[in-house]
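Working notes, beginning with the structure itself.
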Amino acid sequence: MFRRNLAVVNRYLTSVIRRQSNTTETKKMAQGAYVLLVVPVAAFGLGTWQVYRWRWKLGLIDHLATRLFIDPIELPDDLDEIRQLEYRQVKVRGKFDHSKELTIEPRWLLGAEGAPRSGLFRGSTSNVGAHVITPFHLSDRNLTIVVNRGFVPRTKLNPKERQEGQIQGEVEIVGILRNTEPRASFVSDNKPESHRWFRRDVEALAAHLDTSPIFIDANARSSVPGGPVGGQTSVAVRNEHVNYFITWYSLSAATAFMWYTRFIRGR
């Protein structure tokens, strides 16, 4: 009898321990499920945030693009104000100092609308060259700025090959204000000591040419026969938010499916 009762008690205790163990495991599993659910929820939130950023960036690009078609203004005196006016047209009168001319290359010829030509034309050697950068002494104030006169093919890099386009005397031009462009990972650093320039660094160019840190792209109407082709401005604002929100939404969907498979369907 004692042995029988002992066996009954043993079975009872064993069942209690198992129930407690199962309850503990269930609680731990539930806690783990809630913790892991944070991953797809957070990824979805980040994807939604990138959608808002993408829409904001599109609005910014449209806003900057509209500046290209606003009537030109006189160049402001305040440098801080000028830096806030990128892509705004300004008109200036003065003289070019061709003795300090330099080039930024390689550059590809842009169309009249500022859009790159097709890949076929872009690959043409006649559409690969450089932008001609020249100091410009203003007539109405003691100030020298930097002007991107426009595109020349590689066959015309030497100023002697385009003497007709080397404007002499006072002239009025209209240009678009530009700031320093960020260096892309595949673009080399500028090498002023060897006269090699690969990107628009306004401060470095101004220091090298002994001018004020003001840079404008001459518009297409400022071009002259035999000279660089103006109108080489394109609204270049990095916008990779589509890739970002696709990545985050994909991660959210994948982890949500894994969570459902493990904790809902796997019960």
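Using a Förster distance of 25 angstrom, determine the FRET efficiency expected from the C-beta separation of Lys91 and Asp62, and round it to 0.05. All intermediate terms of the calculation are to be shown ahead of the outcome.
Details: r = 24 Å, r/R0 = 0.97.
My answer for the efficiency is 0.55.
Please work out the average accessible area per residue across the stretch 178-217, using the 1.4 Å probe convention, and give it in Å².
Details: 2180 Å² over 40 residues.
Ligands and nucleic acids excluded, the result is 55 Å² per residue.
Considering only DSSP beta bridges with both partners in the stretch 135-254, what is the antiparallel share in %, to the nearest 5?
Details: 9 of 12 bridges.
The answer is about 75 percent antiparallel.
What is the sum of charges, Lys and Arg at +1 and Asp and Glu at -1, for the other residues whose Cβ falls under 9 Å from the Cβ of Gly230? Show your work: numbers first, answer last.
On the way: positive: Arg149, Arg221; negative: Asp217.
Neighbour charge sum, excluding Gly230 itself: +1.
Output the peptides 98-106, 197-205 sorted from most to least packed, where packing is the average of other Cβ atoms within 10 Å over each peptide's residues.
Working: 98-106: 15.4, 197-205: 18.3.
The peptides rank, most packed first, as 197-205, 98-106.
Summing +1 for each Lys or Arg and -1 for each Asp or Glu, what net charge is found among the other residues whose Cβ lies under 9 Å from the Cβ of His131? Could the numbers behind the result be given before it?
Details: positive: Arg107, Arg149, Arg200; negative: Glu105, Asp217.
Summing Lys/Arg as +1 and Asp/Glu as -1 gives +1.
Nearest 0.05, what FRET efficiency do Asn158 and Tyr52 give at R0 = 41 Å with Cβ-Cβ as r? Before the final figure, lay out each step's value.
On the way: r = 50 Å, r/R0 = 1.23.
Between Asn158 and Tyr52 the formula returns 0.25.
What is the distance, in nm, between label points placed 7 Å from the Cα along the Cα-to-Cβ direction at Leu37 and at Leu143?
The two pseudo-label positions are separated by 6.1 nm.
With each label point set 7 Å from Cα along the Cα-Cβ vector, what nm distance links Glu170 and Arg221?
2.0 nm
The values are calculated or read from the model by the stated rules, or taken from the named source; none is laboratory data. From a predicted model like this one, the values you see are computed outputs, not experimental measurements. Reconstructed Cβ throughout: ideal geometry from the backbone, glycine too, with neighbour counts over all protein chains shown. We work out accessible area using only protein heavy atoms, side chains counted, and drop any ligands, DNA or RNA first. Shrake-Rupley method; radii C 1.70, N 1.55, O 1.52, S 1.80 Å.
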